[in-house]
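The values are calculated or read from the model by the stated rules, or taken from the named source; none is laboratory data. Every value quoted in this text rests on a predicted model; they were computed, and no experiment measured them. Cβ sites come from the backbone with ideal geometry, for glycine too, and all protein chains shown count toward neighbours. Ligands, DNA and RNA are stripped out before the accessible areas are found, and what is left, the full protein with its side chains, is counted by its heavy atoms. Shrake-Rupley method; radii C 1.70, N 1.55, O 1.52, S 1.80 Å.
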Amino acid sequence: QGGGTATPGSGWFNSGSSVTLTAVPNKDYRFISWSGSGTGSYSGTNNPASIVMTAPITETANFQAYYNVTFIESGLPAGTEWSITLSNNQTYATSGNNITVNLPQGNYSYTAKSSNPIYSGASGSFYLNRSMSISVEFHMVTYTVTFTEAGLPSNTVWSITFNNQTISSKNSTIIFNVPNGTYNFVVVTVSNYTSSPSSGQITVNGKAVSEQITFSRVMYRVLFVFSGLPSGQSWSATLGNQTKSSTNSTISFSVPYGTYSWSVSLPSGYNASISSGHITTTQPTMTIYINATKTSSPVP
């Protein structure tokens with residue numbers, strides 16, 4: 001109903017005469033077929049079609065509504081080929097940004113695919129009863145690359161440069177999302193800590209990747225060097241909360257960066273040129289030189 005017109009109109013025709021049937025669809029409709037009944041009638045898709053009158057005949061022109069559906073692509077690099085496959089098993093492809101298909105009224109589903117496998121397309125369904133547009137968004141297929149740190153004090157800021165992007169965090173993990181490929185990474189230096197590894201390369205191939213980064217505190221050597229004590233005499237040095245004794249001329253401490261108080265203790269009868277002080281670890285090795293002198297005996 002309302003799909004078009006058929007000619008000739010209803011009327012009487014002489015027996016044996018030939019009649020030409022013509023169907024003209026209205027806008028948004030297509031002629032589908034003739035349905036005929038009676039001797040000599042025609043049923044089929046010819047348009048126009050001819051019949052020969054030998055008896056009363058009824059002919060019905062069948063029309064079906066057709067509408068345009070336009071799929072509009074976004075997210076793909078210019079010139080990338082993509083396609084739409086409909087639930088009627090028809091596939092349409094282009095390297096432009098839209099695909100227009102003329103379809104009969106009805107329910108449809110669709111799947112969008114890209115010729116570039118690193119992009120995933122959308123899928124969906126629609127009911128077509130008018131011309132319409134559907135946006136099709138493509139997204140780059142990415143996988144997570146997770147860096148996890150160990151060894152840093154809580155709330156310490158650390159950073160990773162990966163795929164030309166730097167992310168900083170106070171948490172124990174830093175996460176990037178990238179497509180398949182091989183990428184370089186660099187651990188940004190944290191003051192007074194070393195990292196292992198400090199840099200490297202990661203290959204992403206269809207799954208998530210994890211990388212452990214272990215931080216260790218930079219240790220400094222504080223060396224006490226004594227002179228003036230007879231061989232075998234025991235002396236001690238205290239640095240911060242650590243105390244060590246020795247009968248040699250040196251005592252060594254390994255401590256992280258900081259400022260420490262220190263003191264030395266000599267055996268009875270000896271004085272130190274300097275017996276206490278403070279030191280800040282600014283060099284890989286810090287040396288404190290101390291001379292021992294024998295205490296003078298009182299003159300009777």
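Tabulated values for the structure
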| item | result |
| --- | --- |
| Residue count, the range 167-194 (criterion: assigned to a strand (DSSP E or B) and open to solvent by less than 30 Å² (accessible area, probe 1.4 Å)) | 8 |
| Out of THR259, THR281, THR287, THR247, sole residue that is more than 25 Å from PRO230 (Cβ to Cβ), in contact with a Phe, Trp or Tyr (Cβ under 9 Å, 6 or more places away or on another chain) and in contact (Cβ under 8 Å) with a residue 12 or more places away in the chain | THR281 |
| Flag if VAL19 is open to solvent by 50 Å² or more (accessible area, probe 1.4 Å), at pLDDT 95 or above and not hydroxyl-bearing (Ser, Thr, Tyr) | no |
| Test result for TYR110, of a type in the set (Phe, Trp, Tyr) and either at pLDDT below 95 or buried (at least 16 other Cβ atoms within 10 Å of the Cβ) (or both) | yes |
| Enumeration of residues in the range 262-273 that are more than 15 Å from SER227 (Cβ to Cβ) and open to solvent by 40 Å² or more (accessible area, probe 1.4 Å) | SER263, SER265, SER268 |
| Selected residue (criterion: farthest from the chain's Cα centre (by Cα)) from residues of the range 33-73 that are under 18 Å from VAL101 (Cα atoms) and open to solvent by 50 Å² or more (accessible area, probe 1.4 Å) | GLN64 |
| Long-range neighbours under 9 Å by Cβ, at least six apart or interchain, first residue free of Cβ contacts under 8 Å to residues at least 24 places away in the same chain within the range 199-228, second small (Gly, Ala, Ser) and in a strand (DSSP E or B) | THR203/GLY181 |
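Quick grid of which residues meet (1) acidic (Asp, Glu); (2) out of contact with any strand residue (DSSP E or B) (no Cβ under 7 Å at 6 or more places or on another chain); (3) farther than 29 Å from HIS139 by Cα:
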| position | (1), (2), (3) |
| --- | --- |
| ARG30 | no, no, yes |
| GLY44 | no, no, yes |
| PRO48 | no, no, yes |
| TYR66 | no, no, yes |
| THR85 | no, no, no |
| ASN89 | no, yes, no |
| SER95 | no, yes, no |
| LEU103 | no, no, no |
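Yes or no, residue by residue, for (1) among the charged types (D, E, K, R); (2) without any contact (Cβ under 8 Å) to a residue 24 or more places away in the chain; (3) within 29 Å of SER83 (Cα to Cα):
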{"position": "VAL101", "(1), (2), (3)": "no, no, yes"}
{"position": "ALA112", "(1), (2), (3)": "no, no, yes"}
{"position": "LEU128", "(1), (2), (3)": "no, no, yes"}
{"position": "VAL141", "(1), (2), (3)": "no, no, yes"}
{"position": "ASN171", "(1), (2), (3)": "no, yes, no"}
{"position": "THR182", "(1), (2), (3)": "no, yes, yes"}
{"position": "VAL186", "(1), (2), (3)": "no, no, no"}
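Condition check ((1) over 57 Å from the mean Cα position of the chain (by Cα); (2) open to solvent by 40 Å² or more (accessible area, probe 1.4 Å)) across all residues:
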{"position": "SER246", "(1), (2)": "yes, no"}
{"position": "SER275", "(1), (2)": "yes, yes"}
{"position": "HIS278", "(1), (2)": "no, yes"}
{"position": "THR282", "(1), (2)": "no, yes"}
{"position": "ILE288", "(1), (2)": "no, no"}
